[in-house]
1. I'd like to verify a number: residues in the stretch 29-67 that are assigned to a loop (DSSP other than H, G, I, E, B), more than 15 Å from the chain's Cα centre (by Cα) and near ligand 2 (Cβ under 10 Å from one of its atoms), how many?
2. Among the residues of the stretch 33-70, what is the count of those that are closer than 12 Å to residue 21 by Cα and within 11 Å of ligand 1 (Cβ to nearest atom)?
3. What is the residue count in the stretch 18-55 for residues that are among the charged types (D, E, K, R) and either touching a helix residue (DSSP H, G or I) at 6+ places or on another chain (Cβ under 9 Å) or closer than 14 Å to residue 75 by Cβ (or both)?
4. Inspect the stretch 72-80 for any residue being over 13 Å from the mean Cα position of the chain (by Cα), within 11 Å of ligand 2 (Cβ to nearest atom), surrounded by 12 or more Cβ atoms within 10 Å (Cβ to Cβ) and touching a residue at least 24 places away in the same chain (Cβ under 8 Å) and give the result as yes or no.
5. If a residue has to be in contact with a Pro (Cβ under 8 Å, 6 or more places away or on another chain) and free of Cβ contacts under 8 Å to residues at least 24 places away in the same chain to count, how many in the stretch 14-30 make the cut?
Amino acid sequence: MSISFTAQTYPASARPLSFDESLCMGCNRCVNICQVDILLPNATAGKPPIVCYPGECYYCGSCVMACPVPGAIRLRHPLMNETKFVPVKKP
Ligand code: SF4
Ligand code: SF4
C-alpha cells in the first residue's frame, strides 16, 4: 500500500490570513484590532482588507475573534504550530 501527500508550495508564514470575499463585508474590525497593524482597509468599500505585512503576524487570532461574520477571515497557522502532541504509549 502506498500513501501520497501533496502540499502547497508557499510557506504558511507568508500568507497567515485568507478572506472569503463572498462573506466579508469590509467592516474593518479585524484591521482595527490587530495590535501590529498588519492589515489595511481596502480602498474599495465592502472588500476584504489588504494584508500588508504578513511576516509580522504572530497568530494571536484577535482578528478572527473580532470578525462578526463566521468564515469571512481565516488564520492559517504555520505547519509547526499545527502539530498535535499525543501521549507516548508505554509498552
Ligand atoms: S492573528 Fe493577530 S497579529 Fe495576526 S493579523 Fe490577526 S490580529 Fe494581527
Ligand atoms: S474579515 Fe470580518 S472583520 Fe474583517 S473586514 Fe471582513 S467582515 Fe469585517
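Here, each number is a calculation from the coordinates, and none is a lab measurement. Computed from a predicted structure; not experimentally measured. Please note: Cβ atoms are built from the backbone with ideal geometry, for glycine as well, and neighbour counts cover all protein chains shown.
1. Total satisfying the criteria: 4.
2. Total meeting the criteria: 1.
3. So the answer is 3.
4. no
5. Total satisfying the criteria: 2.
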